[in-house]
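Visitor: Quick one: the structure is below, questions incoming.
The values are calculated or read from the model by the stated rules, or taken from the named source; none is laboratory data. Keep in mind the model is a prediction, meaning the values are calculated, not measured. With ideal geometry, Cβ positions are generated from the backbone for all residues, glycine too; neighbour counts draw on all protein chains shown. When the accessible area is computed, the model is the full protein with side chains, heavy atoms only, and any ligands, DNA or RNA have been set aside. Shrake-Rupley method; radii C 1.70, N 1.55, O 1.52, S 1.80 Å.
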Amino acid sequence: MNSIVSIRDVVKEYELGTTVVQALRGVNLDVQKGEFLSIAGPSGSGKTTLLNLIGCVDTATRGVVQVAGRDTARLTERELTDLRLNTIGFIFQSFNLVAVLNVFQNVEFPLLLQRKLGAKARKERVMSLLEQVGLHTHARHRPSELSGGQRQRVAVARALVTEPLLVLADEPTANLDSETGNQIIDLMKELNVKKGTTFIFSTHDHKVMQHANAVIRLADGKVLARESAKDAVAHALSLGEAPTAEARA
Amino acid sequence: MSRLGMLLQIAWRNLLASPINLIIGGLILAGTLLFVVVGGLLDSLNDSMARSVIGSVAGHIQIYSSKSKDELSLFGGMGGDPELAAVTEFPRIKEAVEGLENVKEVVPMGSSGALITAGNIVDVTLEKLRNLIKARAGSADDPRLARLTPEALDARISATRRHVRQIIRVLEADQKKALAILKDQAIDPDVVASLEKVSQDAFWDDFDQDPWGSLEFLENKIAPQVTDAQLMFLRYLGTDLDQFQQSFDRMQVIDGTPVPKGQRGFLIAKLFYEDQMKLKNARRLDKLRDATANGRLIASDDELKRFVKENRTQTRDIVLQLDDLKTAEATTKLQAFLKSTDPDLTALLSTFFDTTDENLEARAAFFYAELAPMIELYKVRIGDTLTIKAFTRGGAIQAVNVKVYGTFSFTGLEKSPLAGNTSLMDLMSFRDLYGYLTVDKAEEIKRLQQDTGAQTVTRANAEDELFGEGATIVAEATAGIIDEDKTFTGVGRRLREDDLVKRVYTDSEINSGVVLNAAVMVKDPSQLTATIEAINRLSEEKNLSIKAVSWQQASGILGQIITFFRGVLILAVLFIFGIAMVIINNAMMMATLQRTQTIGTMRAIGAQRSLVLTMVLTESVVLGVLFGGVGILLGTGVMAWLHQRGIPAPNDVAYFFFSGPRLLPDVSSGNLAIALVIILAVTLFSTLFPALIATRISPLRAMQADE
Ligand SMILES: Nc1ncnc2c1ncn2[C@@H]1O[C@H](COP(=O)(O)OP(=O)(O)OP(=O)(O)O)[C@@H](O)[C@H]1O
Ligand SMILES: [Mg+2]
């Protein structure tokens, strides 16, 4: 079977004092290899929660989450970490680069954790990725010397440097202006096409959404629909959701 | 870049980012520096003190009777000398212990002390006169006087009489001065009258008609007017002198000669000889010269000024030593030297001793060249016989005459009061004084009882006589005056010292008899503890009833001093590192909390907990090693500099601890290793908790902003 992610009847509850918040209420989802999938939905609908479960940084209260064919509930902490390292790439909303390392070192970081490649191979891999994100001239720069868009490009390079099956991005454009955001999505799309890497990203922004092959619409912790990008944008507009990133800002 | 390289880089950059690390680093540096330098100094002090103690009296190991009431304490303890039981089977012990592999030699010992009085000059001179007159009457005590011809005796008597008359003149002059100040009433008219009487020629013309009565008058009325007899506490170590000198090779005979092998004899500690037995004025001149040679100035130094003042006022010891002829000679010499016409010798001497930084050398040279030959510089001369009286352990008074062969000191410890106040005595004399029956003594007592019908002094009546008082007592030293044959004036003499002084004892005679303790010299000092254990085991096996202790233990409080300071150092270092630990702990805790997003991100993208742990620990280890390393380097530098320069002993007492005039400290690699271990332990330990907290940071934290 070709599903990279397979989610069955997943419930995620958060305990807040005496009350229990249900962030996900019985979610089913399959993601195929090579998809460029967007998760949409209003604030609080459970997008981040879902991505955390897929990203193996959190576990479901009930139900089954399978990533790369492995049931995450059955894995130890160490195994989950290894799964994240070798199978998944992360792109964060606030970039999350290591401030004390330069661009090159940030991208190299996962390779050092993997301990698979020698210094020379690592260097080639890192430089080729930096070239693909257009930052090979900035290898020695520290993150603080880069613009937001450049930082997110570094983050994209870092997420892809281990050649993961799956890249997760929770609102990767939310901290960027719309043009830069679009460029980042374009870059992700390009890598998706070129390398066949599966991407799952969440967003509020319909402009971002329209790049996706498909959009999963979440509301109140449930999957409402899986639809094409076009339908999803239309739906979003009809609901009067925030039309563009600029308008929201 | 490798994984470790990356961790180091993260650590390094994080350290640079936070100024509190400078404070932590400073503390680590200070603690390390302190440890290396002070620790090194203490080690060096310990080594040099060990050399001093081992080389001057203790040897490597001391053995003493296991039946002793007190613990052995060679330099005296809180309450004076420790009470040691006698070791009675020394030859057997010596043989057994010397059979051990690491033992080179066993040197017998026993130490004690006696108060001795150097009789004042009037007493001594009058006693001399009495002995001479006795000899003329044909009943000399001293065999040497009995051998003189009547002419020679007469010549001596008249010389001594002149000396006594000169003394009286000096006393008269003193009295006149006193009268002028005090007015008549303050002075006992009887004293004035007595002095008046003996200053008349008539008294001396009639002297020979009733020499005993005249002498008695002088002794009762005049001698008490000079009360400056000096009490000295003489500490001595009884030992096999020959063996002692071979084993303690730092010992050097300074004046005179060693005691001939196997004979009775006494060697005075040089420092004691100079400090206590030398004419005070001469001693003060020496000290002034010494001080000025070391750059001190009389003009600006209160202690030196005091010496000059005392020299100017205390000239009586010199004046009373001179008879009329010598007084005239000294007066003429001083008048010429000082270009003065003052006829009064006391006044001239006072002017003469008014030394300044400019004239000190010239005056000291004149003193030793012109005045010293006319007087006796030391209360005891090399070659004199010293009578030492002490209470035995049983309470009886024992007197022993020993010939003073010379003085000695230990190389490097010449100025140390700790090493320079204990004189050396042969074991035979020591045993006599200590009250154990020796062959000589047994014979002597028999003879005495036959000769005089004297009863053996029992402990009870000896104590009555002395009101049950303490342990030591009077001995009278001969103060030989002017160029006459050494006369012996000991009181209460019971042994025929002429015979005993010449008697040569064999090794076995020296060894068989009691000793109080013994020094064990070893071949390999690093095996000290093992050898001590071996001796103690041997004692049990062979029933020797001895106890072996290290030189350190044997030196009592002295041996504990370094241990004490080391304790203080450790406390200080602990204190500094304790503070460092608290600060490191806090700082790393804060840093960890500030870096939750970074750490969460690392965990999210695949870093295991162990990496996070390593990362945090690396940071503080880098900090510790960096600043600790600088501290070690700096400390080693300071020590190298100190070694090159040497630390001069700040005072005479320090000579002993420095084992010489300068301490050349060395840093031991052991200390550096310990410093490094401490730094690592401190930094790792203080970071452990924050590091564990860091490993608990969830990867979910990557999604949240840092607080
Ligand atoms: N750690 C948590 N503890 C308690 N409740 C939580 C926690 N994380 C999320 N929730 C709740 O779960 C629900 C889903 O939240 P989630 O963050 O997944 O929404 P979202 O779709 O990502 O929203 P947004 O668009 O604002 O990012 C919300 O009601 C939220 O309050
Ligand atoms: Mg969210």
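Visitor: Give me a count of the residues in the stretch A:60-79 that are within 17 Å of the chain's Cα centre (by Cα) and either open to solvent by less than 60 Å² (accessible area, probe 1.4 Å) or within 16 Å of ligand 1 (Cβ to nearest atom) (or both).
Guide: Selection size over the stretch A:60-79: 3.
Visitor: Sticking with this structure for a sec: Under 23 Å from residue B:232 (Cα atoms) and either surrounded by fewer than 19 Cβ atoms within 10 Å (Cβ to Cβ) or without any contact (Cβ under 8 Å) to a residue 24 or more places away in the chain (or both): is that true of residue B:383 in this structure?
Guide: Judged against the criteria, residue B:383 is a match.
Visitor: Inspect the stretch B:652-665 for any residue being more than 16 Å from ligand 2 (Cβ to nearest atom) and more than 18 Å from residue B:43 (Cα to Cα) and give the result as yes or no.
Guide: Within the stretch B:652-665, one or more residues are more than 16 Å from ligand 2 (Cβ to nearest atom) and more than 18 Å from residue B:43 (Cα to Cα).
Visitor: The conditions are (1) more than 8 Å from chain B (Cβ to nearest Cβ); (2) away from ligand 1 (no atom under 16 Å from the Cβ); (3) surrounded by fewer than 23 Cβ atoms within 10 Å (Cβ to Cβ), and residue A:112 fails exactly one of them. Which is it?
Guide: Residue A:112 satisfies all of (1) more than 8 Å from chain B (Cβ to nearest Cβ); (2) away from ligand 1 (no atom under 16 Å from the Cβ); (3) surrounded by fewer than 23 Cβ atoms within 10 Å (Cβ to Cβ) except (1).
Visitor: If we keep just the residues of the stretch A:64-101 that are in contact with a Leu (Cβ under 9 Å, 6 or more places away or on another chain) and charged (D, E, K, R), which is farthest from the other protein chains (Cβ to nearest Cβ)?
Guide: A:70
Visitor: Going through A:144, A:178 one at a time, which residue ends up being modelled with pLDDT under 90 and either away from ligand 1 (no atom under 16 Å from the Cβ) or open to solvent by 10 Å² or more (accessible area, probe 1.4 Å) (or both)?
Guide: A:178
Visitor: Please list, ordered by first then second residue, the pairs with beta carbon atoms under 9 Å, 6 or more apart or interchain, first in the stretch A:192-210 and in a loop (DSSP other than H, G, I, E, B), second within 14 Å of ligand 1 (Cβ to nearest atom) and of a type in the set (Ser, Thr, Tyr).
Guide: A:203/A:38; A:203/A:173; A:204/A:43; A:205/A:173; A:210/A:38
Visitor: Which condition does residue A:19 not pass, out of (1) away from ligand 1 (no atom under 13 Å from the Cβ); (2) free of Cβ contacts under 8 Å to residues at least 40 places away in the same chain; (3) of a type in the set (S, T, N, Q), if it passes all the others?
Guide: The one condition residue A:19 does not meet is (1).
Visitor: Let me ask you something else. Please verify whether the stretch B:152-171 includes one or more residues that are in contact with a Pro (Cβ under 7 Å, 6 or more places away or on another chain) and buried (at least 17 other Cβ atoms within 10 Å of the Cβ).
Guide: Looking for residues that are in contact with a Pro (Cβ under 7 Å, 6 or more places away or on another chain) and buried (at least 17 other Cβ atoms within 10 Å of the Cβ), one finds none in the stretch B:152-171, hence no.
Visitor: In this structure, is residue A:43 within 16 Å of ligand 1 (Cβ to nearest atom), at negative phi, touching a residue at least 12 places away in the same chain (Cβ under 8 Å) and open to solvent by less than 10 Å² (accessible area, probe 1.4 Å)?
Guide: Against the criterion (within 16 Å of ligand 1 (Cβ to nearest atom), at negative phi, touching a residue at least 12 places away in the same chain (Cβ under 8 Å) and open to solvent by less than 10 Å² (accessible area, probe 1.4 Å)), residue A:43 does not qualify.
Visitor: Something else about it: Based on what the data block shows, is residue B:624 among the small types (Gly, Ala, Ser) and within 28 Å of residue B:669 (Cβ to Cβ)?
Guide: Yes; evaluated as a whole, the condition is true for this residue.
Visitor: Is it the case, given these coordinates, that residue B:629 is of a type in the set (Gly, Ala, Ser) and in a helix (DSSP H, G or I)?
Guide: When the stated conditions are applied, residue B:629 passes them.
Visitor: Here is a follow-up. Out of A:10, A:98, A:57, A:103, I need the residue that is out of contact with any Asp or Glu (no Cβ under 8 Å at 6 or more places or on another chain), open to solvent by less than 20 Å² (accessible area, probe 1.4 Å), within 30 Å of residue A:141 (Cβ to Cβ) and within 16 Å of ligand 1 (Cβ to nearest atom). Which one?
Guide: Testing whether each residue is out of contact with any Asp or Glu (no Cβ under 8 Å at 6 or more places or on another chain), open to solvent by less than 20 Å² (accessible area, probe 1.4 Å), within 30 Å of residue A:141 (Cβ to Cβ) and within 16 Å of ligand 1 (Cβ to nearest atom) leaves just A:57.
Visitor: Name the residue, out of B:148, B:171, that is in a loop (DSSP other than H, G, I, E, B) and aliphatic (A, V, I, L, M).
Guide: One residue alone meets the criteria, B:148.
Visitor: Of everything in the stretch A:199-215, what is crowded, with 22+ Cβ neighbours inside 10 Å and away from ligand 1 (no atom under 16 Å from the Cβ)? Give them in sequence order.
Guide: Answer for the stretch A:199-215, where residues must be crowded, with 22+ Cβ neighbours inside 10 Å and away from ligand 1 (no atom under 16 Å from the Cβ): A:199, A:212.
Residues checked against (1) in a loop (DSSP other than H, G, I, E, B); (2) basic (Lys, Arg); (3) within 30 Å of residue B:424 (Cβ to Cβ); (4) in contact (Cβ under 8 Å) with a residue 60 or more places away in the chain:
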position	(1), (2), (3), (4)
B:295	yes, no, no, no
B:331	no, no, no, no
B:337	no, no, no, no
B:358	yes, no, no, no
B:387	no, no, yes, yes
B:398	no, no, yes, no
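Visitor: Does residue B:92 count as at pLDDT 85 or above, of a type in the set (Lys, Arg) and in contact with a helix residue (DSSP H, G or I) (Cβ under 7 Å, 6 or more places away or on another chain)?
Guide: no
Visitor: So in the stretch B:606-652, with the set limited to residues that are of a type outside the set (A, V, I, L, M) and under 30 Å from residue A:163 (Cα atoms), which one is least open to solvent (accessible area, probe 1.4 Å)?
Guide: So the residue we want is B:606.
Visitor: So if I check each of B:5, B:39, which one is more than 22 Å from residue B:673 (Cβ to Cβ) and either away from chain A (no Cβ under 14 Å) or open to solvent by 10 Å² or more (accessible area, probe 1.4 Å) (or both)?
Guide: Exactly one residue qualifies, and that residue is B:5.
Visitor: Here's another thing I want to ask about it. Looking for something within 16 Å of ligand 2 (Cβ to nearest atom), more than 15 Å from residue A:221 (Cβ to Cβ), at pLDDT 95 or above and assigned to a loop (DSSP other than H, G, I, E, B) - is there at least one such residue anywhere in the stretch A:48-55?
Guide: yes
Visitor: Right, here's the next one. If we only count helices (runs of 4 or more DSSP H) wholly inside the stretch B:498-613, which ones have 2 or more residues that are farther than 25 Å from residue B:56 by Cβ?
Guide: B:507-511, B:528-542, B:557-594, B:596-604
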